[in-house]
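Take a look at the structure below.
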Amino acid sequence: MSIQSYQVSSQPDSPERSVAARDPKGAAARCLAYAVMSDLMSSPHDVTSAVRDSDQSIDLSDLPFEVPGIRRLIEDYRAANIDELKRAYSSMFEVGSDGPPVPVREDLQLGQKAGVREELVRFYEYFGYELSEKFAWAPDHLSTELEFMHYLTYGEAVALSDGKDPESFQLAQADFIERHLANWVPKLVHEVQEQNEESFFCRVVVTLNNFLAADYEWQNSTITTMEASS
């Protein structure tokens, strides 16, 4: 199945859409931002952080929208004690007598709604995104969903750089945010704030929510729905 057929194959009853020209630098900055947010939301017990383990500057100046606090968040993440981060992450998202205090997986946040994991897997398979065996059991983990957005924005950035059509990657980004991030991340923010508003990871999810909202709004400003011919 061709990625170029995404628009027709994924939503056969929907009007055709087109995407206005986008700046390749903006695509690259969004790709980097999604990689950073995926890193911040991954378990410090299971993943070695590329953000923390590098002193390379993270330049998000070409983002096509503002995300207040994201640069300071990255600086504080790099400066934080790793053992304290592990404790904060575990106490918020992993450890609890009745399960995690705040689930960081879409399926659990939505009450194990039928079809969530299946649609995620279809998205991943359609675009050739493969989960490692270690993380295949949780395709709905927030870090994984953000990494998939990184994957899609990378596809867009490469297509723009190579002079190829990026539209399938662009439309999939907007659809994925709408169906699998905007539908539960605001709820996650509320639960994290209720659990521990002073936690570092409260700052992370609030910043993430602001980033997703800004990105989704910006994406939609570049997408036009075409009227069906009579």
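Computed values, structure above
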{"read-out": "Of all residues making up segment 100-116, the number that are surrounded by fewer than 17 Cβ atoms within 10 Å (Cβ to Cβ) and within 16 Å of the chain's Cα centre (by Cα)", "value": "0"}
{"read-out": "Matching residues in segment 175-226 - criterion: being outside any helix (DSSP H, G or I) and among the small types (Gly, Ala, Ser)", "value": "ALA182, SER199"}
{"read-out": "Matching residues, segment 83-101, being modelled with pLDDT of 95 or more and either within 27 Å of GLN56 (Cα to Cα) or in a loop (DSSP other than H, G, I, E, B) (or both)", "value": "ASP83, GLU84, LEU85, LYS86, ARG87, ALA88, TYR89"}
{"read-out": "Yes/no for LEU160 being crowded, with 21+ Cβ neighbours inside 10 Å and within 22 Å of GLU16 (Cα to Cα)", "value": "yes"}
{"read-out": "Yes/no for LEU160 being more than 15 Å from the chain's Cα centre (by Cα) and of a type outside the set (D, E, K, R)", "value": "yes"}
{"read-out": "Filter result (part of a loop (DSSP other than H, G, I, E, B), within 14 Å of PRO24 (Cα to Cα) and in contact with a helix residue (DSSP H, G or I) (Cβ under 7 Å, 6 or more places away or on another chain)) within segment 127-165", "value": "ASP165"}
{"read-out": "Residue, nearest to ASP165 (Cα to Cα), within segment 1-53, restricted to residues that are part of a loop (DSSP other than H, G, I, E, B), at pLDDT 70 or above and among the charged types (D, E, K, R)", "value": "ARG22"}
{"read-out": "Among (1) crowded, with 16+ Cβ neighbours inside 10 Å; (2) of a type in the set (A, V, I, L, M); (3) over 17 Å from LEU73 (Cα atoms); (4) in contact (Cβ under 8 Å) with a residue 40 or more places away in the chain - the single one ALA213 does not satisfy", "value": "(4)"}
{"read-out": "Selection status of VAL67, in contact with a Leu (Cβ under 7 Å, 6 or more places away or on another chain) and either of a type outside the set (A, V, I, L, M, F, W, C) or closer than 25 Å to ALA172 by Cα (or both)", "value": "no"}
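The values are calculated or read from the model by the stated rules, or taken from the named source; none is laboratory data. Fair warning: this is a prediction, and the values are worked out from it, not measured in the lab. Note: ideal-geometry Cβ built from the backbone for every residue, glycine included; neighbour counts use all protein chains shown.
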